[in-house]
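The values are calculated or read from the model by the stated rules, or taken from the named source; none is laboratory data. Since this is a predicted model, take the numbers as computed values, not measurements. Reconstructed Cβ throughout: ideal geometry from the backbone, glycine too, with neighbour counts over all protein chains shown.
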Amino acid sequence: MVNYVLDKYDRPMKDLRISVIDQCNFRCTYCMPKEIFGDDYQFMPAQELLSFDELERMVKIFAQFGTEKIRLTGGEPLMRKNLDELIRRLSAIDGIKDIAVTTNAVFLVKQAKKLKAAGLNRVNISLDAIEDEVFKQTNGRGIKTSPVIKGIEAAREAGLNIKINMVVKKGMNESQILPMARYFKETGDTLRFIEFMDVGNHNGWNMDTVISKKEIIRQIHEELPLEPLDANYYGEVASRYKYKDGNSEIGVISSVTDAFCSTCTRIRLSADGKLFTCLFATEGYDLKEMIRSNQTDHEIILQLIKIWTKRDDRYSDERAEGKPQKKEKIEMSYIGG
Ligand code: SAM
Ligand code: SF4
Ligand code: SF4
């Protein structure tokens, strides 16, 4: 029997997001700007990363709180060695019903089949432009779209459920909203637009750089008429829409202009074992220390209950209310989105 634990605003702890590595082969300007994450940037040493044994143990504990969904992220999660082995172990845990990966897709050509065979259900693939010249700029490494498109095709062939994520930032890629919508309307993959967020401290965010959900929908609806769809489940972050003349759908994740903190059920674990109850947190709880200091499962469970029951995070709501924002935040590449 599952015992949900509720935070101060009665939100259950449901979705666990695990960053499995902080390294990445891209340098997206809105996430890991290359001026900060240069060639000499010190990523985590391997011994700092939680091992597969440690991750398996943690997920077993989280499953006891009703966690059914696991999302593996990064950095670039497909750069973690033997990721399929981790997925195999996690998918065998009682209560875990859904395993997803968020990825830039480049390594899916090689890995999609074995990840699917290991128990992976879904992939969210990040692609911020369909035109090479724009994409080469956004990914900071001059990479064309074709390796990502090939990754998407490999995921499709492997039978994985696919969603495409596009971060929209003013001055970077708003020209791509319609071309991306047209392209993925044809392929039938769900395309999700993400409002550019002020995660981390180095991506030059300010309110003027955000293209709102309203604007994104307006642009698409003008050419490709849309109708709203109901949420699939409690806590779904994307507002969903369907094209009137077809079955493809789109979503918009509007964490800036229409925040959804009141139903936020997510808890996040960094690759070095720190636990965060909000994407915009400053400090995490040292879960690795709990594990490596030989605490029992029972002791860890008691601490997790304490952490979640005192959780009162509502950063995006507070931003919308105009409350002063914290200065130092964890980086997106560290916590994984
Ligand atoms: N490397 C993988 C990828 O890009 O899919 C996984 C990690 S990435 C940090 C996870 C997600 O966060 C991606 O969909 C990415 O587009 C999104 N993201 C990164 N920085 C963001 C920002 N400043 N605002 C909104 N979304 C962001
Ligand atoms: Fe890497 Fe993903 Fe961040 Fe882009 S968004 S730099 S692919 S971690
Ligand atoms: Fe959840 Fe924090 Fe995002 Fe609000 S700002 S939805 S509490 S992660």
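In the range 245-259, the residues that are over 18 Å from G188 (Cβ atoms) reach residues that are part of a loop (DSSP other than H, G, I, E, B) and more than 11 Å from ligand 3 (Cβ to nearest atom) with C-beta atoms within less than 8 angstrom, at least six apart or across chains, in these pairs: S254/S212; V256/F196; V256/S212; T257/S212.
Residues in the range 91-108 that are within 16 Å of ligand 2 (Cβ to nearest atom) and β-branched (V, I, T): 4 in all.
Residue-wise test of (1) of a type outside the set (A, V, I, L, M, F, W, C); (2) over 26 Å from S316 (Cα atoms); (3) at pLDDT below 95.
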{"residue": "E157", "(1), (2), (3)": "yes, yes, no"}
{"residue": "V167", "(1), (2), (3)": "no, no, no"}
{"residue": "T187", "(1), (2), (3)": "yes, yes, no"}
{"residue": "I194", "(1), (2), (3)": "no, no, no"}
{"residue": "H202", "(1), (2), (3)": "yes, no, yes"}
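Here is a yes/no grid of residues against (1) more than 20 Å from L302 (Cα to Cα); (2) part of a loop (DSSP other than H, G, I, E, B); (3) more than 16 Å from ligand 3 (Cβ to nearest atom):
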{"residue": "D22", "(1), (2), (3)": "yes, yes, yes"}
{"residue": "F37", "(1), (2), (3)": "yes, yes, yes"}
{"residue": "M44", "(1), (2), (3)": "yes, yes, yes"}
{"residue": "Q47", "(1), (2), (3)": "yes, no, yes"}
{"residue": "R71", "(1), (2), (3)": "yes, no, no"}
{"residue": "D84", "(1), (2), (3)": "yes, no, yes"}
{"residue": "L90", "(1), (2), (3)": "yes, no, yes"}
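A single member of K288, K214 is assigned to a helix (DSSP H, G or I), away from ligand 2 (no atom under 16 Å from the Cβ) and touching a Gly at 6+ places or on another chain (Cβ under 7 Å), and it is K288. For the range 170-187, the criterion of being among the basic types (K, R), within 23 Å of E321 (Cα to Cα) and buried (at least 20 other Cβ atoms within 10 Å of the Cβ) is met by none of the residues. Among the residues of the range 1-46, those identified as farther than 14 Å from G75 by Cα, surrounded by 16 or more Cβ atoms within 10 Å (Cβ to Cβ) and hydrophobic (A, V, I, L, M, F, W, C) are V5, M13, L16.
When you check M79 against the structure, is it within 16 Å of ligand 2 (Cβ to nearest atom) and in contact (Cβ under 8 Å) with a residue 24 or more places away in the chain, yes or no? In short, yes. Which ones in the range 181-199 are in a helix (DSSP H, G or I) and either closer than 30 Å to F276 by Cβ or within 16 Å of ligand 2 (Cβ to nearest atom) (or both)? Passing the criteria: none in range. Among the numbered conditions (1) at pLDDT 95 or above; (2) in contact with a helix residue (DSSP H, G or I) (Cβ under 6 Å, 6 or more places away or on another chain); (3) not polar (S, T, N, Q), the only one that A259 does not meet is (1). Of the residues K170, K113, K144, K136, the single one that is over 30 Å from M13 (Cβ atoms), without any contact (Cβ under 8 Å) to a residue 12 or more places away in the chain and not polar (S, T, N, Q) is K136.
Residues that are within 16 Å of ligand 1 (Cβ to nearest atom), part of a loop (DSSP other than H, G, I, E, B) and of a type in the set (V, I, T) were ranked within the range 231-280; the one that is nearest to the chain's Cα centre (by Cα) is V237.
Test I220 against the criterion of being aliphatic (A, V, I, L, M), more than 16 Å from ligand 3 (Cβ to nearest atom) and closer than 27 Å to R156 by Cα, and give yes or no. It is true that I220 is aliphatic (A, V, I, L, M), more than 16 Å from ligand 3 (Cβ to nearest atom) and closer than 27 Å to R156 by Cα. Only one of E283, E222 is closer than 22 Å to G336 by Cα, free of Cβ contacts under 8 Å to residues at least 24 places away in the same chain and either among the β-branched types (V, I, T) or away from ligand 1 (no atom under 16 Å from the Cβ) (or both); which? Of the residues listed, the single one that is closer than 22 Å to G336 by Cα, free of Cβ contacts under 8 Å to residues at least 24 places away in the same chain and either among the β-branched types (V, I, T) or away from ligand 1 (no atom under 16 Å from the Cβ) (or both) is E283.
Restricting attention to the range 298-337 and to residues that are among the basic types (K, R) and assigned to a helix (DSSP H, G or I), the residue that is modelled with the lowest pLDDT turns out to be R319. In the set G235, G246, G251, only one residue is closer than 30 Å to P179 by Cα, surrounded by fewer than 13 Cβ atoms within 10 Å (Cβ to Cβ), more than 16 Å from ligand 2 (Cβ to nearest atom) and of a type in the set (G, A, S); that residue is G246. With respect to (1) in contact with a Pro (Cβ under 8 Å, 6 or more places away or on another chain); (2) part of a helix (DSSP H, G or I), the lone exception for K136 is condition (1).
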